[in-house]
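The next block holds one structure in the form of structure tokens; read it before the comments.
Coordinate-derived values only; no laboratory data. Given the structure is predicted, the values throughout are model-derived calculations rather than measurements. Glycine gets a Cβ as well: all are built from the backbone with ideal geometry, and neighbour counts include every protein chain shown.
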Amino acid sequence: MDYRYVKAFEFNFNFGTLLSVDFSSSSEDSDLINITEEIFNEIRDCIKVRGIPSLIWFKGITNTINPSKFKLITKMIKAVYPKQKIGIYLNCGIFQDEDVRNIFYGCDLVAINLNSVNNFQFSKINKCPESINSMDVLEGIIEFSKNFNGKLGIYTMFLKGINDNIKNVEKLKEFLLEVMPDHYSVSNYTLDGFEPVSKEFKEDLKEILENLPFNVIYMF
């Protein structure tokens, strides 16, 4: 069976076997029932062939891809596989909306991409819609962290010349200490013509984050 939404079934050292599902091929005006049934059929077929994964890992849910599709598909999964763990990777901008945030409380793992907490160019650096209010986003993440019972991760991609500066790291650290995620992951974005961040910045980054009271994962 050729899959449109199921992208991989692979082993991850941190989470075990992952069945990855990407909503990006969907769109806001796609038929809700047909899309969710198609995704569920792909997941069920993959599980039949490969077995039950440790985690079904979703990505591609954005402010323009209706989160209600995710809500419905997880309900369908739990109806057939009640013990299945579900994780999702989200852009920080989605946390501005309380009704949308509420959809993700039932997940076992939520990973949030947050590249900067500075108000200046917040939307651009975090790849959010320009209509996003940075304070509402950050307050939404804090509120979510207080009420979420699963595992919470924060992910930051550093881009050379954009957010690879000490001031940004220090402000991120202050925010992380307020959120207290289960883990914090950092990586270096080198696509689209971006060069790697400097060795000096990497060393400064590790020094600043050294004593955080949760796991820090360096992916570079």
Whole-percent tail of the Cα-Cα distance distribution for the range 1-84, cut at 17 Å, equals 43
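With a Förster radius of 41 Å, plug the Cβ-Cβ distance of E210 and I52 into 1/(1 + (r/R0)^6) and report the FRET value to the nearest 0.05. Provide the component values of the computation, followed by the final result.
Values: r = 38 Å, r/R0 = 0.93.
Computed FRET efficiency for E210 and I52 comes out at 0.60.
Can you tell me the mean projection area, over all orientations, of the convex hull of the range 161-220's alpha carbons? Units nm², please. Can you show the working numbers first?
Details: hull surface 16.7 nm².
If you wrap the Cα atoms of the range 161-220 in a convex hull and average its projections, you get 4.2 nm².
Using the Kirkwood radius built from alpha carbon pairs, what does the Stokes-Einstein equation give as D for the range 65-144 at 10 °C and 1.306 mPa s, in µm² per second? Mind dumping the intermediate values first?
Values: Rh = 13.5 Å.
This corresponds to a translational diffusion coefficient of 118 µm²/s.
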Between D136 and D45, the two model label points (7 Å from Cα along the beta-carbon direction) sit apart by a distance in nm of 4.0
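What dipole magnitude, in Debye to the nearest 20, does the chain give about its Cα centre under +1 on Lys/Arg Cβ and -1 on Asp/Glu Cβ? Don't skip to the answer; put the middle values down first.
Numbers: 24 positive and 30 negative charges, 141 e Å.
It comes to approximately 680 debye.
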One would report the Cα pair-distance distribution of the range 94-220, bin width 5 Å, in %, as 2, 10, 21, 24, 20, 14, 7, 2, 0
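In the range 94-220, what percentage of the DSSP-assigned beta bridges are antiparallel, given to the nearest 5? Don't skip to the end; give the middle numbers.
Values: 0 of 15 bridges.
Given both bridge residues lie in the range 94-220, the antiparallel proportion sits at roughly 0 percent.
Quote to one decimal, in nm, the extra length available between D108 and N12 on full extension: 0.36 nm per residue of separation minus the C-alpha distance between them. Don't jump to the answer; show the numbers that get you there.
Numbers: separation 96, 0.36 × 96 = 34.56 nm, distance 1.59 nm.
Using 0.36 nm per residue and subtracting the Cα-Cα distance, I get 33.0 nm.
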P(r) over all Cα-Cα pairs of the chain, 10 Å bins from 0 to the longest distance, whole percent per bin, short to long, reads 7, 32, 35, 21, 5, 0
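Of the beta bridges DSSP finds with both residues in the chain, what % are antiparallel, to the nearest 5?
Close to 20 percent.
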Calculated from DSSP helices alone, with each H run of at least 4 adding -39500 (n - 2.57) and the total divided by the residues of the chain, [θ]222 nm to the nearest 500 comes to -11000 deg cm²/dmol
A correct Karplus calculation of ³J(HN,Hα) over the range 75-81, with 6.51 cos²θ - 1.76 cosθ + 1.60, θ = phi - 60°, whole Hz and x for Gly and Pro, returns 5, 5, 5, 5, 5, 9, 10
The range 32-63 and the range 77-126 have their Cα centres apart by a whole-number Å value of 17
